[in-house]
Amino acid sequence: MTEKRPFDVLNNALNKNVLVKLKGDVEIRGLLASFDVHMNLVIEEGEELKAGELKRKLGTVLLRGDTVVFVSPAE
Amino acid sequence: MTEKRPFDVLNNALNKNVLVKLKGDVEIRGLLASFDVHMNLVIEEGEELKAGELKRKLGTVLLRGDTVVFVSPAE
Amino acid sequence: MTEKRPFDVLNNALNKNVLVKLKGDVEIRGLLASFDVHMNLVIEEGEELKAGELKRKLGTVLLRGDTVVFVSPAE
Amino acid sequence: MTEKRPFDVLNNALNKNVLVKLKGDVEIRGLLASFDVHMNLVIEEGEELKAGELKRKLGTVLLRGDTVVFVSPAE
Amino acid sequence: MTEKRPFDVLNNALNKNVLVKLKGDVEIRGLLASFDVHMNLVIEEGEELKAGELKRKLGTVLLRGDTVVFVSPAE
Amino acid sequence: MTEKRPFDVLNNALNKNVLVKLKGDVEIRGLLASFDVHMNLVIEEGEELKAGELKRKLGTVLLRGDTVVFVSPAE
Amino acid sequence: MTEKRPFDVLNNALNKNVLVKLKGDVEIRGLLASFDVHMNLVIEEGEELKAGELKRKLGTVLLRGDTVVFVSPAE
């Protein structure tokens with residue numbers, strides 16, 4: 001088994017589409033532009049989703065790490 | 001790929017309009033005047049929004065970092 | 001751009017009226033008498049508001065920093 | 001302006017009546033007997049209030065600091 | 001004024017009956033058998049209460065400190 | 001009084017049946033197989049309970065310490 | 001008794017199916033690909049469940065450790 005680390009997922013997802021679920025039932029979809037060790041994330045061309053529907057376009061958005069539930073790169 | 005960091009978004013947004021989503025379904029819109037490493041933010045000409053509607057004008061407002069969900073600069 | 005820091009807002013608001021929003025939909029209005037680095041605040045002539053209405057007069061009140069959502073000086 | 005610190009409020013309130021609001025809509029009223037830097041508080045002759053009404057008499061009660069919303073000395 | 005500290009309440013309550021309120025509206029009543037600096041508590045002959053009514057007998061129970069709201073020794 | 005510490009309860013409960021209450025009204029029942037200083041717990045032959053009823057059998061389950069409300073060994 | 005540690009469960013579950021319960025009633029099922037000391041987890045072929053039903057397929061997903069309630073390897 002090769003050594004893998006959770007943050008590799010973020011590294012590999014840079015400049016690609018991700019879905020981010022935040023606490024409080026908010027989801028953001030867009031391009032992962034940067035992240036840090038606290039899992040603060042910058043999403044570009046970000047869209048806010050509510051119950052799976054587009055709520056509004058946010059453009060660039062900085063997500064605070066401690067509100068992140070999960071990050072899933074688009075396949 | 002150039003090295004980018006999440007807080008660059010805040011640096012670039014200084015003196016510009018931002019939308020800040022806080023925990024508990026509160027949103028603040030206004031000019032980003034300052035921030036620190038805890039993501040404490042000062043917004044000037046701040047307006048509090050509830051469900052997307054203007055609830056009241058706050059003027060200057062200090063937002064505590066650990067209540068921030070996301071910060072999105074106006075495009 | 002001059003160097004500004006979030007806590008300057010508190011410094012400038014000493015002995016002036018502020019509105020403090022706390023987690024759990026409580027708001028306190030009164031004179032900011034002191035604060036520390038944890039954003040613990042002392043408000044004098046404090047009034048507790050619920051849904052924008054005066055709930056009761058508290059006089060002096062110590063607010064624990066980690067329950068603060070925002071602090072907004074009266075204009 | 002004299003140098004004041006938030007915990008001075010607790011110091012000055014020792015052996016006096018205080019109202020303590022806790023997270024989750026619980027309030028305790030009684031004599032402040034001791035406190036520490038975590039804002040753990042001991043209240044004597046404590047009464048638990050719910051919606052402003054006496055729920056029960058507790059006598060001595062140790063309140064955990066991180067559940068404190070505010071402490072207000074009786075005037 | 002003698003020097004008193006909040007944890008003295010726990011020390012004095014060892015082997016005596018206490019009422020412990022936990023976050024999420026759970027209460028435990030029983031004999032305080034031990035505690036540590038995190039306010040982790042061991043209660044013996046513990047009973048879980050819901051809305052003031054006995055929900056079930058637990059016997060020995062270890063309560064995690066960060067869920068504690070208050071501890072009140074029986075008078 | 002002999003020196004007792006809260007974690008002794010976990011030590012004494014190894015390989016015995018315990019009931020674990022987690023935040024958010026989830027309970028797990030099963031054999032305590034291991035624990036660490038964060039109160040992370042491994043339960044074997046674990047069953048998830050909801051409102052006192054068996055919801056599903058989980059077998060081995062690692063419980064994250066900071067979601068633990070209490071741990072009670074079966075008598 | 002052999003020395004066992006909670007994270008051994010994660011180690012033994014690598015590349016196997018796990019069920020992860022997150023705060024806020026979300027569950028993720030899939031292959032555990034990696035983890036770190038914060039219990040950040042990477043799940044591959046991940047599926048999001050709501051009330052036990054498949055809500056959507058996520059593929060690779062990074063779960064933030066502090067939202068984890070429990071991890072249970074499939075038997």
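FYI, it's all coordinate maths here, none of it is from the lab. None of the values given here were measured: they were computed from a predicted structure. Here the Cβ positions follow ideal geometry from the backbone for every residue, glycine too, while neighbour counts run over all protein chains shown.
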(message) Taking each residue in E:4-10, count the Cβ atoms of any other chain within 10 Å of its Cβ, then average. What number comes out?
(response) 6
(request) Determine ³J(HN,Hα), in whole Hz, for all residues of the stretch D:4-15 in sequence, where each value follows from phi through the Karplus function 6.51 cos²θ - 1.76 cosθ + 1.60 and θ = phi - 60°; x replaces Gly and Pro. (result) 10, 10, x, 5, 4, 4, 5, 4, 6, 8, 4, 6
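Do the sum for chain D: with -39,500 (n - 2.57) for every DSSP H run of n ≥ 4, divided by all residues, what is the mean residue ellipticity at 222 nm, to the nearest 500 deg cm²/dmol?
Here the helix-only value at 222 nm equals -2000 deg cm²/dmol.
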(request) Please list, in chain and number order, the residues 5+ apart from residue B:40 or on another chain whose amide H is under 5 Å from its amide H, with Hs placed from the backbone. (result) B:65
(request) Give me C:50, D:21 ranked fewest to most by other Cβ atoms within 10 Å of their Cβ, as a rough exposure proxy. (result) C:50, D:21
(request) Using a/c under 1.5 as the rounded threshold, could you call the protein assembly as shown rounded, prolate or oblate? The axes a ≥ b ≥ c are square roots of the C-alpha gyration tensor eigenvalues, and prolate needs a/b larger than b/c, oblate otherwise. (result) oblate
(message) With θ taken as phi - 60° and the coefficients 6.51, -1.76 and 1.60, list the Karplus ³J(HN,Hα) couplings across the stretch F:63-75 in order, rounded to whole Hz; mark glycine and proline as x.
(response) 9, 6, x, 6, 9, 6, 9, 8, 10, 10, x, 5, 7
(request) Per residue of the stretch C:46-62, in order, report the coupling 6.51 cos²θ - 1.76 cosθ + 1.60 (Karplus, θ = phi - 60°) as ³J(HN,Hα) in whole Hz, putting x for Gly and Pro. (result) x, 10, 8, 10, 10, 6, x, 9, 4, 9, 6, 8, 10, x, 6, 8, 9
(request) On a C-alpha basis, how far is the centre of the stretch B:18-59 from the centre of chain G in Å? Whole number, if you could? (result) 35 Å
(request) Taking H placed 1.01 Å from N in the peptide plane, check which residues at least 5 places from residue E:74 or on another chain put their amide H under 5 Å from its amide H. (result) E:17, E:18, E:19
(message) Using amide H atoms built in the peptide plane, which far-off residues or other-chain residues are under 5 Å from residue B:24 H to H?
(response) none
